[in-house]
Amino acid sequence: MACRSQKDISESHCATYKVLIILLACFGVFWQDSVMRVAALVSGGKDSALALHRALTKELEVKFLVTMVPQRNDSWMFHFPNVHLTHLFAEAAGIPLVEGETAGIKEEELKDLKKTLIPLDIDGVVSGSITSQYQKQRIEAVCHEIGIKSITPLWNEDPKKLLQELVELKFKVIITGVFAYGFDERWLGRLIDAETIKALLELSYKHQISLAGEGGEYETLVLDAPFFDRRIALTAAKKIWENGSGWLRVKKAHLLEK
C-alpha cells in the first residue's frame, strides 16, 4: 500500500475544507430562501392581531402590515371603525405599515387589495379568517392571481377557544362597535375578559350571533399584544349610538411604555 506524503494529505484536507465551505454557503442560501416572507392584513382588531401573533411565532418573516382603508362604513371585506389607528398598531409592533384605499364596493375591494399587494416583495399573505368562506375565498383568489400563498392561521378553530387564547396571552382588546340585536351601548369600550366571553356566549346562544363577530356583529380594537413593545392608550373617545347599534369613535390615542 502506497504511503501518502504530507503534501498530499494537506491538499486533500484543503479540498475537503473548500467543499465544506461551499456546502455551508449553499445551505445558508437555501435556509434564507426557505423562510417565507409575508405581509399580514391587519385592521387593529382581535382576529388579525392573533393571526399575526401566530405568524410571528411560526418564524415567518413578516415584512409588512397591510391595512385597507374603506371609504365607507359598510365595507364587505374590511374593518372600518378606528382603522386610522393601525399606524399606532404597526409602530408598537415594529413592522412597516402599507396602507391601501378602497371604495368599499363589493368585489371592487379585491382589485384594490390586489393593487396594494402587487408591489410588495412577499411570498404570502396572512389573514385572520376563522369561519368566513366569503373572506377566505376572496383573499385566496387575489393571492392566486399574483402568485403568492394565502395563510389563515386561525381557520376553522373554535371561536370560544380563540377568545380564551387572547385572554391567556394577555392581549388587551376592547369592543369598539356593536351592530346586532342583543347588544346595547354598555358594550362599547368593554374589555374582552373571562366575563365578557361568558356574556358573548350567552348572546350567541340566545340570538345566534357569530361568537367571533365575523358576521359584523361586533368590532374590536387591540390596545396591547405580546408582540407590542409599547401599548396603545386612548385619551379621547366618543360613543355614537343610534337605531340599536353604535361604535366607539377614538379621537385621540398615543403609545405608552408598558
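A few notes on this one:
- Matching residues in the stretch 243-254 - criterion: being surrounded by 15 or more Cβ atoms within 10 Å (Cβ to Cβ), within 23 Å of the chain's Cα centre (by Cα) and not basic (K, R): W247, L248, V250, A253
The rows are residues; the columns are (1) in a strand (DSSP E or B); (2) touching a Cys at 6+ places or on another chain (Cβ under 7 Å); (3) closer than 16 Å to L169 by Cα.
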residue: L223; (1), (2), (3): yes, no, yes
residue: P226; (1), (2), (3): no, no, yes
residue: R231; (1), (2), (3): yes, no, yes
residue: T235; (1), (2), (3): yes, no, no
residue: K238; (1), (2), (3): yes, no, no
residue: L248; (1), (2), (3): yes, no, no
residue: A253; (1), (2), (3): yes, no, no
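- Selected residue (only one of A233, A212, A194 is buried (at least 17 other Cβ atoms within 10 Å of the Cβ) and either touching a helix residue (DSSP H, G or I) at 6+ places or on another chain (Cβ under 9 Å) or more than 23 Å from I130 (Cα to Cα) (or both)): A212
- For the stretch 116-136, the count of residues that are of a type outside the set (A, V, I, L, M, F, W, C), at pLDDT below 95 and surrounded by fewer than 16 Cβ atoms within 10 Å (Cβ to Cβ) is at least one.
- Residue list for the stretch 46-60, restricted to those being within 27 Å of N82 (Cα to Cα) and either more than 12 Å from the chain's Cα centre (by Cα) or at pLDDT below 95 (or both): T57
- Within the stretch 131-160, if we keep just the residues that are in contact (Cβ under 8 Å) with a residue 60 or more places away in the chain and under 13 Å from the mean Cα position of the chain (by Cα), the residue that is nearest to G213 (Cα to Cα) turns out to be L154.
- Among the conditions (1) at pLDDT below 90; (2) closer than 19 Å to L221 by Cβ, T102 misses just one, which is (2).
- Only one entry in A25, A2 is modelled with pLDDT under 55, more than 30 Å from E168 (Cβ to Cβ), of a type in the set (G, A, S) and not in a helix (DSSP H, G or I), namely A2.
- Selection status of L166, modelled with pLDDT of 95 or more, among the hydrophobic types (A, V, I, L, M, F, W, C), closer than 14 Å to A51 by Cα and assigned to a loop (DSSP other than H, G, I, E, B): no
- Residue check: P70 meets all listed conditions (1) touching a helix residue (DSSP H, G or I) at 6+ places or on another chain (Cβ under 8 Å); (2) of a type outside the set (A, V, I, L, M, F, W, C); (3) at pLDDT 95 or above but one, namely (3).
The values are calculated or read from the model by the stated rules, or taken from the named source; none is laboratory data. What you see is a predicted model; the values in this text were computed from it and never measured. Counting neighbours? That spans all protein chains shown, and the Cβs are built from the backbone with ideal geometry, glycine included.
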